[in-house]
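A.B. asks: What follows is a structure written as structure tokens; I'll ask about it next.
Each reported figure results from applying straightforward, stated rules to the coordinates on display, with no laboratory input. None of these values were measured; they are calculated from a predicted model. Every residue, glycine among them, receives a Cβ derived from its backbone with ideal geometry; neighbour counts consider all protein chains shown.
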DNA sequence: GCCAACGTTGGC
DNA sequence: GCCAACGTTGGC
């Protein structure tokens, strides 16, 4: 099982909208970056992902589950996976909190802030869940 | 295959 | 709104 972080601008697609979707499940599309797409291709059913609000929010707001693996969008390099809202975090974890935590200094979110689909290490996953209590 | 010019993301 | 840090495009 692998852990991920997926980003969305809440004005485009928010955690609240994800929760309100039928069965809480949607396509996760609109990704064009090659590295982000490579990460999406590695996603397996049952993997978990932090749902991060970029720009307006700058915080992790919930945990999503990958419910369907990568499908190519015909005639493009892009595609989608299926994502389901699993659990909200008790408390959002902000980018500022993450940056202030020395245990999280190697997080991709800190070092490559523009990457919209990123792997999260197990220890980072656990640490952020602790911070969300 | 290099690299300049341009476009985009996202934190501030 | 600005701009740094990346990515991408396309001429050569």
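A.B. asks: Suppose we keep only residues that are within 14 Å of DNA strand C (Cβ to nearest atom) and out of contact with any strand residue (DSSP E or B) (no Cβ under 6 Å at 6 or more places or on another chain) within region A:88-108. Which one would you say is nearest to residue A:126 (Cα to Cα)?
C.D. replies: If we filter region A:88-108 for residues that are within 14 Å of DNA strand C (Cβ to nearest atom), which is where we start, we get A:106-108.
The next check asks that each one be out of contact with any strand residue (DSSP E or B) (no Cβ under 6 Å at 6 or more places or on another chain); those that pass are A:106-107.
On the way: A:106: 14, A:107: 13 Å.
If we take residues in region A:88-108 being within 14 Å of DNA strand C (Cβ to nearest atom) and out of contact with any strand residue (DSSP E or B) (no Cβ under 6 Å at 6 or more places or on another chain), then A:107 is nearest to residue A:126 (Cα to Cα).
A.B. asks: Within region A:109-124, track down each residue that is surrounded by fewer than 19 Cβ atoms within 10 Å (Cβ to Cβ) and touching a strand residue (DSSP E or B) at 6+ places or on another chain (Cβ under 7 Å). Break it down stepwise before answering.
C.D. replies: Filtering region A:109-124 for residues surrounded by fewer than 19 Cβ atoms within 10 Å (Cβ to Cβ) gives A:110-115, A:119, A:121-123.
Within region A:109-124, A:119, A:122 qualify.
A.B. asks: Can you report the number of residues in region A:1-37 which are more than 13 Å from the chain's Cα centre (by Cα) and within 20 Å of residue A:110 (Cβ to Cβ)?
C.D. replies: Going through region A:1-37 one residue at a time, the tally reaches 2.
A.B. asks: Out of A:75, A:129, A:55, I need the residue that is on the phi > 0 side of the Ramachandran plot and away from DNA strand B (no atom under 15 Å from the Cβ). Which one? Talk me through it step by step, then tell me what you get.
C.D. replies: Details: A:129 fails: on the phi > 0 side of the Ramachandran plot; A:55 fails: away from DNA strand B (no atom under 15 Å from the Cβ).
Just one listed residue meets the conditions, A:75.
A.B. asks: Here's another thing I want to ask about it. If we only count strands (runs of 3 or more DSSP E) wholly inside region A:48-133, which ones have 1 or more residues that are free of Cβ contacts under 8 Å to residues at least 24 places away in the same chain and closer than 18 Å to residue A:38 by Cβ?
C.D. replies: A:59-72
A.B. asks: Let me spell it out: the conditions are (1) in contact with a strand residue (DSSP E or B) (Cβ under 8 Å, 6 or more places away or on another chain); (2) part of a helix (DSSP H, G or I); (3) within 16 Å of DNA strand C (Cβ to nearest atom), and residue A:23 meets all of them except one. Which number is the exception?
C.D. replies: (3)
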